[in-house]
Every structure is written in C-alpha cells, then in structure tokens.
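Quick note: the coordinates plus some simple rules give every number you see, no bench work behind them. As the structure is a prediction and not an experimental result, all values here were calculated from the model. Using ideal geometry, Cβ is built from the backbone for each residue, glycine included, and neighbour counts are taken over all protein chains shown.
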C-alpha cells in the first residue's frame, strides 16, 4: 500500500517543526509510508533552511527519517522531465509541480498528497488529494 501514495513537499513541510493540526495528519501519512522524489527532498531542504531556519544537522536527520519511511526516491530523469513537460502543457501546472506529478506517475502511485495542487484533479492514473482540506 505505501507505494500507492506520493508526497509533495507541501505535505512534508508540516513534519519539519510546524506544530498545528496539519502536523498530526502529515506525520500519520508519512509513518504509513509512501514515495517521494529527489526533487521533493531538495525542495524540503530549501524550505527547511530558508523559511523554517532549521540547522543543517536537523535537516539531515529529518530527511534521513523521511527516506527511511519512504521507498527509494524517484530521480529526475530525462523521461520524467519529458513527461512533466507534457503534463505542464496539457494541464497548465507549473513545471516544478508537473515534475512531482510525473515522478508520482513514474512510481505507479494512485494518490498524490499535496496542499498546493488542485484537490480531486486526476492526471492519467493519478488523483491529487489535499489531506488538510477538512481542517
């Protein structure tokens, strides 16, 4: 079941020092397992450092924990890039969101958890869900 879900950066940020209702939801999803991409990990590091002002050792420990709970991160390959370009053109998503979507499809996931993308939107075999929509 964990391979059925993919996490966008927007969900994982709530596991990194934010403490509100979304934190509990994000932590429960992460503990259940899923998939991330190298891009998502990189974005998470950037947000953790710039916006959350976390120390490097804290960021490294957090990303190691995420990697231990998730399957092997999906790389940004040329194939994922090409697929993202088609998604961006067809569905009008920003290229970075399209890269996340393409990576989720590459991993064979059925659900992409994201706070920032259109809740309920389907792209190919993938459905976008905002896990915080009822909070």
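Table for the structure above
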read-out: Fraction of antiparallel bridges per DSSP, region 6-129 only, in percent to nearest 5; value: 20
read-out: Virtual spin-label span in nm between residue 42 and residue 119, 7 Å along Cα→Cβ; value: 3.0
read-out: Residue order, fewest to most beta carbons within 10 Å, for 82, 8, 116; value: 82, 116, 8
read-out: Fluctuation leader among 95, 74, 111 - the chain, Gaussian network, Cα springs under 10 angstrom; value: 95
read-out: Overall form of the chain per C-alpha gyration tensor (a/c, 1.5; a/b vs b/c); value: prolate
read-out: Most mobile listed residue (107, 28, 84) in the chain, GNM with C-alpha springs under 10 Å; value: 28
read-out: Cα-based shape type of region 51-126, given that a ≥ b ≥ c are square roots of the gyration tensor eigenvalues and the cut on a/c is 1.5; value: prolate
read-out: Mean separation of Cα contacts under 8 Å (6+ apart) over length of the chain, as relative contact order %; value: 30
read-out: Tilt relative to the chain, helix 56-69 - C-alpha long axis, 0 to 90 degrees, to 10; value: 60
read-out: The chain: angle of helix 95-106 to the longest principal axis, Cα-based, in degrees nearest 10; value: 80
read-out: Cα centroid separation, region 101-135 to region 1-53 (Å); value: 14
read-out: With Cα atoms, 0 to 90° folded angle of helix 38-50 axis to the chain main axis; value: 40
read-out: Simple label model, 7 Å out from Cα along Cβ direction - residue 67 to residue 92, nm; value: 3.8
read-out: Residue order, fewest to most surrounding Cβ atoms within 10 angstrom, among 29, 112; value: 29, 112
